[in-house]
Structure formats: structure tokens, C-alpha cells
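Student: Pasting a structure here, questions to come.
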Amino acid sequence: MNENVINDALLSRQPVLDPNHELVGYELKLQSVADAALPPAYDASQAAALICAAYADLGINSALGKNIAFLRIDPGFIHDDAIEVLPPDAVVLELVLDAAPDERTLQRCRILRERRYPLALGNYTGLDERSRPLLTLLDVIKIDVRQHGDDGLAELAGPLARLPLKLLAKGVESRETMERCKKIGFQLFQGNYFARPEIVSGRRLLASQMSLIQLINLASRDTDTAKIEEGFKHEPALAVNLLRIVNSVGYGLNRRVSSLRHAITLLGRRQLQRWLQLLLMTPAGGTPDASRSPLLQIAALRGRMMEMLIQQGYPRDGKLADQAFITGIMSMMPAALGLPMNEIFEQITLETSVMDALSSHAGALGKTLALLECFDADDKQGCLRVLGELPATNLSLNTLNACLVESLRWVNGSAAGD
């Protein structure tokens, strides 16, 4: 695969969740910019070939951690030996078929199954000549729920219920749709519905959320460490988590940390603020685990990617890089708290440049946030447009891809960050 082709492509991802709203993996696509002008068309062979090349060049496998990559493969590319550079325990190969598979394709599927590659069938529309020959070879069947009503979905899913495979609902855009699909018998759900909760002005926050916000504000101001320590003393669960985080990291110490003040000092205000903001996105103040929480992973990814992009575009501005991480995390707060951004501004202390970036995409922070919003929406043309507007000239689609992979590696390796 030509390296220039990879550099001119955009890596996109869409989360796949289980019935508990926990992250299972991503459907990954790596499409060339030439495809961006034709969004309805999707060249599965080219995209799959790009992904296979990117696995080696970008190190995607190690970056995904325990998450699975769902990759679309058409009958032409399924015979390519390049597929077998992919690790079988980390991918699901989704077959894209327009007609009944021929015997050669069926035999290749049998070989891939023998080599422990899980197989999925995309856009299932019922038992027909396209799907019937493959049923005993499949691990996942994918149904686009946007194309069927509840009765239609139940009719499609019913005959498959007793087969040893999983049903994946594609195009899930709301929590209500997810719950309907769950009742019908779907076990996997693809879409960004978890990041689109109802925003209610004046919503009352939980006591645990208010406590976290108070600690975030103390950490972000020039507050005496003793006052921050006192705040943690009123929240025993948070205090235990703080000690656990610092002790697990170790910080090169020969003895374990047992003092809250010592832990706060070792962690530092910047890392403490980051950790608390991530914690605000977890249910009931639990310990952040981005490998399981899709909303937390998007927030941590966006924060880390913003930080890395600013570091590359403005390498001498350490303060701006710190603000970039905060901006990325804060951009997901409306989804986490169910509050409009202006009400969040009233409760969490933020610098003016961060608020301007979040409210109007102003400045370098705002443009970088706009870039990542296009990136998350799989808007390739939008990415190119914003890249052209950024003052930093050393950023490219390849920079975005590399930052995504490195950020995935960071998220899957550390909840608190480095």
C-alpha cells in the first residue's frame, strides 16, 4: 500500500456498545479524501486495504486495547492475503455482499473461521440466497434499524434468535431506539446515541456531581492545598480513589502514599483537575474506566487529541496545550450532565479562552475543537476546511489519524493520563 494513500486518508470510527451501554469496539473506516466528495459511495475493498495497511503503519491494534475493530470487507478483498495481517482476536470481518456468495467466497469464509476470524454479515434483510449459505459461518448479523419499523425488526430478528450468533443494530441514534432493539433481541448497538441525551435547562445535579464540581473549582484556582485536602476529607470515596490512583502510578517512589496532601501535591493541580473532570462523566462518582464508558472515552480522546494537536501546532505554548485538554473534556459536559453549556459555565470555573472556544469556536482552541467535531462526525470535507483555517500549517489528515491512534493508546493505558 502506497504510504501517500494512507497519509491522504481519514480514519473514522463509530462505537459499538453492549446492552449495558459499555464499549465493545468500533467500526473503523479509513477512506481517501477523494471519497469525501461522494459520501453515498463506499469502496469496501479500498477501505479494507487501507485499514490493513494502517494497522501496521499506525499501530491500531495496540491502541485499541481490549476493544474490537469491526471492518467492512467485500467479496473481492476477502480473498486478499493482506487480511491475515490482522489479529483474529481483535477484529470482526463484516461481509458486504450484493448477491449470493459463490463457492470460492464460501470456502474462503470457512478458512477464515478455521483461523479464528469472526465474521459478520452487513445490512441483513432476511433469509435469502445472500444470507442463507452463510448462516452457519457467522458470528454477527448486522441490521440497519433505520430501514425497518418495530414489527419489521422483530420479524427479521425472530428466526435468528436460536442461532449461536449476535444481532447488531446499526444506526441507533437515540436511547429509546436502543431500548426497543434490546427488547427485540439485539445484543450489540452501533451509533452515537449515548452522546445525545436530553438537555434540560435548570436540571438539578446529583450531590456527588456538585461535590466534584466544587473540587474541580478548587483545583483550577490558586487555592491552598489544605483547602483541597479538606474538600476530599468530606468525600471519603473520592479520597480513597485519589490515593489509589497516585499509589498505582507510583511516581518513582520507594514507599506508598498515605497522606491526602501528599497525594494532591504529587499528582499536581493540572492532573488533579483532569482526573476530576473525567470522574464527573462516570455514574455515581465511580472510578473512570474509559475502556468501558463510551462517553468517557470520547471525552478523554477529544481532550488528549486537542492537547496533542495544539502541542504540534504551537510547540512553545504549554499553557495553551493545558487549556486544550480542558476544552476537549468540557465539550462533552452537556452530554454528561444534561445541562446547556451556559449553565455549566456558571458552575465550573474556566478561563475566558476556554469558554470562548466552547461557546463560539473562537481562537486556536475553538478552531481545533471544530476540527475534532468534524472528525468525530466523519466529516472529511469539514476537516479539510478547518485545517485550512488553522494558523498552524504543520497539521494534516495524517496528523489527525496519528493523534487518534496515540490518544486511543493513552486512554486505554491510563485513566488519569500522563
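The values are calculated or read from the model by the stated rules, or taken from the named source; none is laboratory data. Quick caveat: nothing in here was measured; it's all calculated off a predicted structure. For neighbour counting, all protein chains shown are included, and Cβ atoms are generated from backbone atoms with ideal geometry for every residue, glycine included. Just the protein is used for accessible areas: all its heavy atoms, side chains included, with ligands, DNA and RNA removed. Shrake-Rupley method; radii C 1.70, N 1.55, O 1.52, S 1.80 Å.
Student: When only C-alpha pairs under 8 Å and at least 6 residues apart count, what is the relative contact order of the chain, in percent?
Tutor: After rounding, I find 16 percent.
Student: How would H361, H234 rank on accessible area, largest to smallest, probe 1.4 Å? Provide the component values of the computation, followed by the final result.
Tutor: On the way: H361 70, H234 130 Å².
Solvent-accessible surface, decreasing: H234, H361.
Student: Here is a follow-up. So for region 162-252, averaging the separation of alpha carbon pairs under 8 Å that are six or more residues apart and normalising by length, what relative contact order in percent results?
Tutor: Averaging sequence separation for qualifying contacts and normalising by length gives 19 percent for region 162-252.
Student: Percent of accessible area on the chain owned by carbon and sulfur, 1.4 Å probe?
Tutor: 49 percent
Student: So with the 1.4 Å probe, I'd like the accessible area per residue for region 138-221, rounded to whole Å².
Tutor: 52 Å²
Student: Let me ask something else. Under the definition of Cα pairs under 8 Å and six or more residues apart, what whole-number percent is the relative contact order of region 293-382?
Tutor: 25 percent
Student: Report, by chain and number, residues whose modeled amide H sits under 5 Å from the one on V92, excluding near sequence neighbours (fewer than 5 apart, same chain).
Tutor: Those qualifying (amide H under 5 Å, at least 5 residues apart or on another chain) are A69, F70, L71.
Student: Still on this structure, I have one more. What's the FRET efficiency of L127 with D18 using the Cβ-Cβ distance as r and R₀ = 22 Å, to the nearest 0.05?
Tutor: The formula returns an efficiency of 0.30 here.
Student: Name the residue, out of I51, I228, I310, whose mean-square fluctuation peaks in a Gaussian network model built on the chain with Cα pairs under 10 Å.
Tutor: Comparing I51, I228, I310 in a Gaussian network model of the chain, the most mobile one is I228.
Student: From the square roots a ≥ b ≥ c of the eigenvalues of the alpha-carbon gyration tensor of the chain, which class results: rounded (a/c under 1.5), prolate (a/b over b/c), or oblate?
Tutor: Prolate, because a/c is 1.5 or more and a/b exceeds b/c.
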